[in-house]
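Right, one structure below, let's go through it.
The values are calculated or read from the model by the stated rules, or taken from the named source; none is laboratory data. All figures in this text were calculated on a predicted structure; none of them were measured in a lab. Here the Cβ positions follow ideal geometry from the backbone for every residue, glycine too, while neighbour counts run over all protein chains shown. Heavy atoms of the whole protein, side chains included, go into the accessibility calculation; ligands, DNA and RNA do not. Shrake-Rupley method; radii C 1.70, N 1.55, O 1.52, S 1.80 Å.
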Amino acid sequence: SDSDLNKLAGKHWIINRSQWDRLRQSSPDSGVEHVYRHLYCVRSSYGRKPSFGSYSPKNTGNKIDMSLDRLAITRERLMGVTILNWDYEKVIRKYDSRDSFFYLDPPYPGNECGYDAFDRDRLLNVGKKIKGKWMLSLQGSEGDRKCLHEYNECFIYCPATLSAGKDG
């Protein structure tokens, strides 16, 4: 709502360690507070990790752009968007149609997001049954290339870097 956007825009958006520590330990009791906590902590963290990994001192003093204009643009862009924290197979079963598009971005080896439990073959078997279109983001290992040979594939090199700059 406009009221919620005004509340968010009025929050403290200058990055500092004490605010990051306080928000990281907090348990928000409203949607506005939850969004504020998430945006502030992610933008203040090393690598901008959703898990709020560790504070990035190089961000101290930077202002996070959460102006009313930016929040209104974001709200407009997300109108009608559904974000779910479900198993991908359940999401695909529920929302798949000829007009669907799914972006699948499973965990990568070496990160803390559960790669060891990830079943690439299960994902590809589900992908074969999708009625709509889908795009899969993988690390591009030799094993990935072998299992994707039957698909219309395009490998794009994307260097992994945490030094994209303050506006990243």
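With (1) in contact with a Leu (Cβ under 7 Å, 6 or more places away or on another chain); (2) farther than 26 Å from F102 by Cβ as the list, and V35 as the residue in question, which single condition is left unmet?
(2)
Residues in the stretch 13-23: is at least one in contact with a strand residue (DSSP E or B) (Cβ under 9 Å, 6 or more places away or on another chain), surrounded by fewer than 16 Cβ atoms within 10 Å (Cβ to Cβ) and over 15 Å from S67 (Cα atoms)?
Yes - at least one qualifying residue is present in the stretch 13-23.
Out of curiosity, is Y95 among the hydroxyl-bearing types (S, T, Y), closer than 30 Å to I130 by Cα, open to solvent by 80 Å² or more (accessible area, probe 1.4 Å) and at pLDDT 90 or above?
yes
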